[in-house]
Amino acid sequence: MDKYHNVMETLVINKLNEIWDTLDCCKCDKCRNDIIACTLNQMKPKYAVTEEGELYVRLCILSAEHEFEVVKAIAISVRTVSEHPKHCI
Ligand SMILES: [Zn+2]
C-alpha cells in the first residue's frame, strides 16, 4: 500500500460500487474506469497518511461529509462517458 493515499479515490469507488447496478450506462471496464477518472477529476483530492486504523476513521468522516458531492460528480461522469464512450471509437 502507498504511504499516502487519496481517500477520495476510495470514496468514489465505494460509492460507485454501491450504485453501479442502478446506473444507466455501459458497464464495461473501460467505461467504469473512465467514470472513476472523470469523477476524481471533479473532486479535490484528499490525501491521508495510511496509518492503520486511522484511514478507516478518515474514510467514515469524509464519506458522510462528501456523499452528496460524490454522487453528483458520478452522475455528471456517467453522462459525459455515455455521450463520449471511448471504446466505441
Ligand atoms: Zn463501455
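Taking amide H as placed 1.01 Å from N in the peptide plane, the amide H of TYR47 sits under 5 Å from that of VAL7, each at least 5 places away or on another chain. With 15 Å as the cut-off, how large is the P(r) tail for the chain, expressed as percent of Cα-Cα pairs? Of the Cα pairs, 58 percent sit more than 15 Å apart. Any chance you could give the angle, 0 to 90 degrees and rounded to 10, that helix 29-42 forms with the longest Cα principal axis of the chain? In the chain, helix 29-42 runs at an angle near 60 degrees to the longest axis. Restriction of the trypsin sites (Lys or Arg not before Pro) in the range 25-89 to DSSP coil positions whose beta-carbon has at most 13 other beta-carbons within 10 angstrom yields LYS27. Sparsely packed loop sites in the range 1-58 (the GluC sites (Glu not before Pro) outside DSSP H, G, I, E and B with at most 16 other Cβ atoms within 10 Å) comprise GLU51, GLU52. Sequence-distant contacts, meaning Cα pairs under 8 Å at least 6 residues apart, place the relative contact order of the range 1-60 at 61 percent. Taking Cα atoms only, the orientation of helix 7-19 departs from the longest principal axis of the chain by about 50 degrees.
Helix 54-83 versus the longest principal axis of the chain: what is the Cα-based angle in degrees, 0 to 90, to the nearest 10? Compared with the principal axis, the helix lies near 10 degrees.
Rounded to the nearest 20 debye, the dipole size of the range 1-60 about its Cα centre is 200 debye, using +1 on the Cβ of Lys and Arg and -1 on the Cβ of Asp and Glu. Using the rule -39500 (n - 2.57) for each DSSP H run of four or more residues, divided by the residues of the chain, the 222 nm mean residue ellipticity is -22000 deg cm²/dmol.
Values in this text are rule-based calculations from the coordinates and carry no lab data. Bear in mind that the values here come from a model prediction, so they are computed numbers and not experimental data. We place every Cβ from the backbone using ideal geometry, glycine too, and count neighbours over all the protein chains shown.
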